[in-house]
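Scroll down for the structure; my scribbles are underneath it.
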Amino acid sequence: MQRITNVELGEFLKDFKERSVTTVLEEGREKDEIIKIAKAKGILLKDSKDLAGFKTVYAFTDRPNRNGAILPKAKLLKALPTLVGKPIDIDHNRRYVVGFYIDYRYIANKNMVIAYGIFFKNSFADEWETVKEKFKNKSLATSFEIWSPKDKYKYHTDGTYELAEMEVAGGAILFDTTPAFKDAKVL
């Protein structure tokens, strides 16, 4: 088990909090999509008082985010199955888990990962109201969380770097932070 420092964790969170997009699917046109995906996983979302589904632009491959990190396509595709079941938190506070991921899709022509998640809307009613308000105002963003040993990064002369040996750690719904990818919004 590799340990990381607070500085490395801070860099990691800053790097990734700015690079995803989220969609609240309680009333959206993609509602049937998430209901179908959840049902295939044994999760009944339709008319649930406890659970809400959402869809997010989780990450992009082969391009640097605002922090200079690059997720190489082949390495990220290898790591993506580790997303399922991982926690969703608020603003990268990993002790503030409000849901979990159930599935993902890679959109090859956009080099983009779409992630599908479940939010515990009854358990976090105030937060759910904030999610809905921010979504309505088009200000709800998400961020991915991916572990990668810093000593395995591939650095480029322009200051960017590629992550390697990735494991998806989860993701965050952003209330008070800016995503590393400007297009990391809730769809």
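Scanning region 65-82 for residues that are more than 18 Å from A141 (Cβ to Cβ) and either at pLDDT below 95 or aliphatic (A, V, I, L, M) (or both) yields a count of 7. Return the pairs, sorted by first residue and then second, in which the second residue is of a type in the set (V, I, T), the first residue lies in region 35-53 and is farther than 18 Å from I114 by Cβ, the beta carbons are less than 8 Å apart, and the residues are 6+ apart or on different chains. Going by the 8 Å Cβ cut-off, the qualifying pairs are K46/I35; L51/I43; L51/I118. In the set (1) more than 25 Å from T178 (Cβ to Cβ); (2) assigned to a loop (DSSP other than H, G, I, E, B), the condition left unmet by A38 is number (2). When residues in region 121-166 are screened for being modelled with pLDDT under 95, of a type in the set (D, E, K, R) and in contact with a helix residue (DSSP H, G or I) (Cβ under 9 Å, 6 or more places away or on another chain), 3 of them pass. Where strands (runs of 3 or more DSSP E) sit wholly within region 56-167, those with at least 2 residues that are open to solvent by 60 Å² or more (accessible area, probe 1.4 Å) and without any contact (Cβ under 8 Å) to a residue 40 or more places away in the chain occupy 93-107.
Residue-by-condition table, conditions (1) among the hydrophobic types (A, V, I, L, M, F, W, C); (2) touching a Lys or Arg at 6+ places or on another chain (Cβ under 7 Å); (3) closer than 22 Å to T130 by Cβ:
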position: A40; (1), (2), (3): yes, no, no
position: L51; (1), (2), (3): yes, yes, yes
position: N65; (1), (2), (3): no, yes, no
position: R94; (1), (2), (3): no, no, yes
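The values are calculated or read from the model by the stated rules, or taken from the named source; none is laboratory data. The shown structure was predicted, so the numbers you read here are calculated from the model rather than taken from an experiment. Because the Cβ atoms are built from the backbone with ideal geometry, glycine has one as well, and the counts that use them run over all protein chains shown. Heads up: the accessible areas ignore ligands, DNA and RNA and are worked out on the full protein's heavy atoms, side chains in. Shrake-Rupley method; radii C 1.70, N 1.55, O 1.52, S 1.80 Å.
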